[in-house]
Amino acid sequence: AKVTTPIVGAFGASAKAAVDWETAFTGVQKTVDATSEEYEQLANNIKQMSTETASSANEIAGVMEIAGQLGISGVDNLTNFTRTMVQLGDTTNLSAEEAATALARFMNITGESTSNVDKIGSAIVDLGNNFATSESEITEMATRLASAGTIAGMSSTDILALSAAMSSVGIQAEAGGTAMTQTLTAMTAAVANF
């Protein structure tokens, strides 16, 4: 009994981990259109990331599932996007899931290439480290300003910088985003009618 009980427990834990992994990766397969070889590569990439970050393979698969839901496609793009979101989740006050949803929307609105997601993530972290604001506040403000900023001809980094400046002086995303959107829209209209 002293030998058998721990062995049975170890097999039980191992079986549960395998079932949990299969469930997590099934979520990726539901949202990502890929070949069996690409799915195998994605699974290997997730497992490799789990050895390099503070997140488990199941958590990383959940982030990749969100990336697929948001239209990210291709093994390299999915891997790069997922890695960046997991790193943001590990090192900032954003969760990886929040970062994935917000940055996918931001990049979609601004037309930023998915291959630049690591640069966008680095810019957010750098701004959060050098301004009196947090990465989540910058991201929330940037998402609110993305449409008007893009119409006004601002780049993604311009929008992030403006978002950091506004949130660092205590402007909340809800009110500040609306006010700045109205201002940018009025400026764009004034220039167009000049």
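The values are calculated or read from the model by the stated rules, or taken from the named source; none is laboratory data. This is a predicted model, so every value here is computed, not measured. For neighbour counting, all protein chains shown are included, and Cβ atoms are generated from backbone atoms with ideal geometry for every residue, glycine included. These area figures cover heavy atoms from the full protein model, side chains too; ligands, DNA and RNA do not enter into them. Shrake-Rupley method; radii C 1.70, N 1.55, O 1.52, S 1.80 Å.
General remarks:
- Descending semi-axes in whole angstrom, ellipsoid equivalent of the chain, from the Cα gyration tensor: 40, 19, 12
- Size descriptors for region 61-102, from the alpha-carbon set: Rg then Dmax equal 9.2, 28 Å.
- Between the listed residues Thr114, Ser73, Met154, the Cα displaced farthest toward the positive end of the dipole of region 45-194, a dipole computed from Cβ unit charges relative to the Cα centre, is found at Met154.
- Here region 121-164 yields Rg over Rh of 0.96, to two decimals, using C-alpha coordinates and the Kirkwood radius.
- Among Ile120, Ile171, Ile66, the largest mean-square fluctuation in a Gaussian network model of the chain, built with springs joining Cα atoms closer than 10 Å, belongs to Ile171.
- Met187 - accessible surface, heavy atoms, 1.4 Å probe, Å² rounded to 10: 110 Å²
- For the chain, adding -39500 (n - 2.57) for each run of n ≥ 4 DSSP H residues and dividing by the number of residues yields -26500 deg cm²/dmol at 222 nm.
- For the chain, the relative contact order comes to 15 percent (Cα pairs under 8 Å, sequence separation of at least 6).
- Region 48-141: translational diffusion in µm²/s, Stokes-Einstein, Kirkwood Rh over Cα pairs, 10 °C, 1.306 mPa s: 121 µm²/s
- Angle between the chain longest axis and helix 96-110 axis [Cα atoms, degrees, rounded to 10]: 40 degrees
- Sequence of Phe81, Phe131 when ordered by accessible area, the most exposed leading, probe 1.4 angstrom: Phe131, Phe81
- Alpha carbon centroid spacing (whole Å) that separates region 163-190 from region 55-86: 31 Å
- Note on the chain: GNM, Cα springs under 10 Å; of Gly128, Gly149, Gly74, the largest mean-square fluctuation is that of Gly74.
- Accessible area of region 33-172 divided out per residue, in Å², using a probe of 1.4 angstrom: 45 Å²
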